[in-house]
Amino acid sequence: MTSEVVTEFTVNGQAVRLDLDPRESLLDVLRERLGLTGSKKGCDHGQCGACTVHVDGRRVVSCLLPAVQVNGRSVRTIEGVAGPDGALHPLQQAFVDHDALQCGYCTPGQVMSGLACIAEGNAGADDDIREHMSGNLCRCGAYPGILAAVRAAAGRREG
Amino acid sequence: MTDTEESGDRTAHPWPPVERTPRVGAREKVTGAARYGADHAPPGLAYAIPVVATAGKGRITGLDTAEAAAVPGVLLILSHLDDLGIAPAGYVMADGYAFQSLQPLLDDRIAYRGQPIALVVADTLVAAVHAAGLVRAAYDEEPFAVELDAAGTETVLQEEALPLPFLADVVVGDADGAYERSPLRVDAVYETGPQHQVPMELIGGVAEWHGDTLVVHEGTQSAGALRGGLARQLGIDPDRVQVITPYVGGGFGQKNSLQPHLAPLAVAARRLGRPVKLVLPRAHTFHAASFRPVSRHRVRLGADRSGRLLAAIHEVDQQASRRDLLPATYTEITSRLYGISSFRGRQRHVRTDVQTPGYMRAPFEHPAAFALESALDELACAAGRDPVELRLSNDAGADPVTGKPFSSRHLAACLRRGAELFGWAERPPDPGSMRETDGTLVGWGVAAGAYPVMTVPVLARLRARADGRVLAEVGGHEMGQGITTALARAVAGDLGIGVDRVDVVVGDTRVVPHHLTAGAWGTNSTLLAVHAALLELRARLGVPREGPVDVAAAVAAAGRSAPEQDGAEVVAEALTKGPGQPPEAVDRMRAGLVAPAGPEYPGHVAFSFIAHFAEVRVAPAAPRVRVSRVVSVADCGRVASPVTAEAQVRGAVVWGIGAALSEHSEVDPRFGGFVNADLADYVIPVNADVGRIEVAFVGEPDFTLNPTGVKTLGEVALVGVAPAIANAVFHATGRRPRSLPIRVEDLL
């Protein structure tokens, strides 16, 4: 039996203290312990991006991150993106406006990557967006809409 | 309740112009609020993980679970050593419910590598995963075959093995004689490899018992099949099974039937008295569900010197499992895409040691179109004709197979409009004639596609509420294709209320029975039922058959005139089925069995059509192919929901890029199974792989087919994308791809 590790971190601004098995991924802790099921499991191998969250402002695939490693850190998930009044973040609204989704399963990860793509300064040209959004698979093929949504939220026109 | 077959009464009930309604459910999806099957987490939840066979075929001679059982937190290990009390569910295409007839965990037989041999259940997911890795199996291995040409395969003729009229070989005229007499001939073999659907949502969900009722939360395209199949497997009344699947994280055919993990999961939940969640590891999904089988096509085309088709012969071998035969309908479209007076089709099955292959988006039509549309490109070259002109000059009037009229056919309009949008007139005919200054070769290709329009039985119930809202409860599933948007749009448009005043419930067997949603028949079939239910609702509300309705006022008035109703709502139901379908089709739908009508209907045959135009760029050093631009124009009848319809076509183009250039499930004859069983090695397109995609629709309603004028779209959208890309690769390079995916080494 693996001994549990006390882990303290914040999720969407809320303090969390959990006794964790070191083998538990951040994704499974978010989904199975904290009820934050917006982050999705599509591969559990860091290959699809559906589980993307921000840790201390940087995007990570939460399925590959042992949850004990976020001790003392700040985690932001898709549930923490809209305003407290429910108002959509401009990127979320852009996803709706540009129909940047179909089944919706990859969408939380796409939004988290899109936020990071813009914050990293990688939304300056369409090819940059395509490249820096390519860690997030979308089997429905909503890529043109995702490109348009990130471009719009970055305040750019087509090109 | 109305039970209508086809209300031809369309003039009295015109459809309002369709607005660009945003996707229903988008807000829930961008905020993470949408709840998929495995998002369900009831108190006391336990976790299951399967163990799978590492032998290619044989028998389990020993299964050691002692070490696994000793892992703290492990609750249960199910295997064939146990008596699970599970009956067969039957193969979905043989009056059953499951993707294959084999139910694992019932005996010691191993039919293919990757077959589940045990199910470990534990208090926590980490304990279940750890313990599953400690289960040891010994095998008595037998020789196996996983490739079409391997020793030990068995080939059977479809019309002998599956003696059903709609599966007989298509024979029109004397195709062999006409081919021999043709001055221009093409004779080539085309092949498409095995592929997997890989929807982003993993297979899995939660099984829990509420008393003697089994409740299943799992993403599926066929809640009715899960209900009926689990009832059959567990020996309980179907009314004691509830399947809840409001959002499905992509289906593409993978989730079109009962998967074999669910019955053991239900047994585990019952034994433990706890809900159990199972999310299959991605690697397992490559063997736990169906896949697109290998298909090999010999196509012979005969034409006169101008390229007018005189004969076509299309012979197909499709990979099968040892147990089940997936009914193949490749020649259904190749016999009809063009006006070919003499056609002969032949479809065979090659039995191999795999799980039963099945449906993956445009399961037969995508490979068939790759073969036919590539051959047609070869014919255009031989005839010295422009590929668009060649297709236009071979357009069909009536259906070449039955002689019946098409309900509607606008393939020529798709080709003409697409050529215009693409700028096809600028295309130089010779391969290799478009080259950029850095040496990049550019090629333009065209291909057409068709897909049968099928219709299934649907029950729709509308509840008009005192607050002015309308709730639509419909037998269907939302896999992302936009069915809820189309339904909400239809109700709102008919009653003249805002789309935000309409709630649509799909994917819930507690509310209405559910037929499988696949074959692109979801939207047209459910719209037909909703159309009929709206007429019934208007009658019950006492309002005219058309025009805006003040729902709140009408409900209040109806409550005053019929005090036996509680005044809170007025309910109307309609049950529709395809034209000419027998009443038994409705019984089958209620039982969760498949019951599609079409594409041959009493007075006509019905197909959707599409034309794709692709531009590829082939790098000069290593000839890597990139798709820089695609134009697609579809004839899907009336467009029920423009926003989601366009998304369906764009998404299908992305699928076609994957099919043409990267997706291939690799097999190793030494080991069996599929070896690239993850999302890093099974390569689907990413954002950077996708260039510009332009989508347009003919938009001509098909009121011959049904009163809504809607045909189908989700499948036809993929048909022809891959050959358009392959033909563009030929135009760029002069090398003819005859096998998918097209690899760099094919072009060296």
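The values are calculated or read from the model by the stated rules, or taken from the named source; none is laboratory data. Everything quoted here is computed from the prediction, not taken from an experiment. Please note: Cβ atoms are built from the backbone with ideal geometry, for glycine as well, and neighbour counts cover all protein chains shown. With ligands, DNA and RNA removed, areas are computed over all heavy atoms of the protein, side chains included. Shrake-Rupley method; radii C 1.70, N 1.55, O 1.52, S 1.80 Å.
Let me confirm something: among A:Q102, A:Q92, A:Q69, which residue is at pLDDT 95 or above, farther than 26 Å from B:A680 by Cβ and either at the interface with chain B (Cβ under 7 Å from one of its Cβ atoms) or surrounded by fewer than 18 Cβ atoms within 10 Å (Cβ to Cβ) (or both)?
Answer to the selection: A:Q92.
Pick out, from region B:34-145, the strands (runs of 3 or more DSSP E) lying fully within it that include 1 or more residues that are under 24 Å from B:A207 (Cβ atoms).
B:46-52, B:58-64, B:74-79, B:116-122
Pairs under 9 Å by beta carbon, first residue under 16 Å from B:A614 (Cα atoms) and hydrophobic (A, V, I, L, M, F, W, C) in region B:430-443, partner open to solvent by less than 60 Å² (accessible area, probe 1.4 Å) and modelled with pLDDT under 95, six or more apart or different chains?
As it stands, the answer is B:L441/B:A619; B:L441/B:P623, since those pairs meet every condition given.
Give all pairs with beta carbons closer than 8 Å in which a residue from region A:146-159 that is among the small types (G, A, S) and part of a loop (DSSP other than H, G, I, E, B) meets a residue that is surrounded by fewer than 20 Cβ atoms within 10 Å (Cβ to Cβ) and at pLDDT 75 or above; count only pairs at least 6 apart in sequence or on separate chains.
Cβ pairs passing all conditions: A:A154/A:G124; A:G159/A:A125; A:G159/A:D126.
Within region A:17-61, take every residue that is more than 20 Å from B:A127 (Cβ to Cβ) and of a type in the set (S, T, Y) and give me the one that is surrounded by the most Cβ atoms within 10 Å (Cβ to Cβ).
A:T52
Among the candidates A:V53, A:V16, A:V60, single out the residue that is more than 13 Å from chain B (Cβ to nearest Cβ), under 28 Å from B:N676 (Cβ atoms) and β-branched (V, I, T).
Checking each option against the conditions leaves just A:V60.
For region B:254-279, enumerate the residues that are within 14 Å of chain A (Cβ to nearest Cβ) and either open to solvent by less than 10 Å² (accessible area, probe 1.4 Å) or over 30 Å from B:V654 (Cα atoms) (or both).
B:Q254, B:K255, B:P275, B:V276, B:K277, B:L278
Could you please let me know if A:A142 is at the interface with chain B (Cβ under 7 Å from one of its Cβ atoms) and either buried (at least 16 other Cβ atoms within 10 Å of the Cβ) or under 24 Å from B:T644 (Cα atoms) (or both)?
Here the answer is yes, as A:A142 does meet what is asked.
Would you check which residues across region A:119-137 are in a loop (DSSP other than H, G, I, E, B) and within 7 Å of chain B (Cβ to nearest Cβ) and list them?
Answer for region A:119-137, where residues must be in a loop (DSSP other than H, G, I, E, B) and within 7 Å of chain B (Cβ to nearest Cβ): A:M133, A:S134, A:L137.
Which of the residues belonging to region B:657-682 are more than 9 Å from chain A (Cβ to nearest Cβ) and in contact with a strand residue (DSSP E or B) (Cβ under 8 Å, 6 or more places away or on another chain)?
Selection gives B:A659, B:A660, B:L661, B:E663, B:H664, B:S665.
Yes/no per residue for (1) part of a loop (DSSP other than H, G, I, E, B); (2) open to solvent by less than 20 Å² (accessible area, probe 1.4 Å):
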{"position": "B:A362", "(1), (2)": "yes, yes"}
{"position": "B:F370", "(1), (2)": "no, yes"}
{"position": "B:S374", "(1), (2)": "no, yes"}
{"position": "B:D377", "(1), (2)": "no, yes"}
{"position": "B:C381", "(1), (2)": "no, no"}
{"position": "B:L390", "(1), (2)": "no, yes"}
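Where in region A:1-104 are there strands (runs of 3 or more DSSP E), lying fully within it, with 2 or more residues that are under 21 Å from A:A154 (Cα atoms)?
It comes to A:52-55, A:58-61.
Can you go through B:V710, B:V744, B:V716, B:V721 and tell me which one is surrounded by fewer than 20 Cβ atoms within 10 Å (Cβ to Cβ) and touching a residue at least 12 places away in the same chain (Cβ under 8 Å)?
Only one candidate passes the filter, namely B:V744.
So which of B:V504, B:V512 ends up being open to solvent by 30 Å² or more (accessible area, probe 1.4 Å) and either touching a residue at least 24 places away in the same chain (Cβ under 8 Å) or assigned to a strand (DSSP E or B) (or both)?
B:V504
Based on this model, can you work out whether B:R588 counts as closer than 28 Å to B:T517 by Cα and basic (K, R)?
Against the criterion (closer than 28 Å to B:T517 by Cα and basic (K, R)), B:R588 qualifies.
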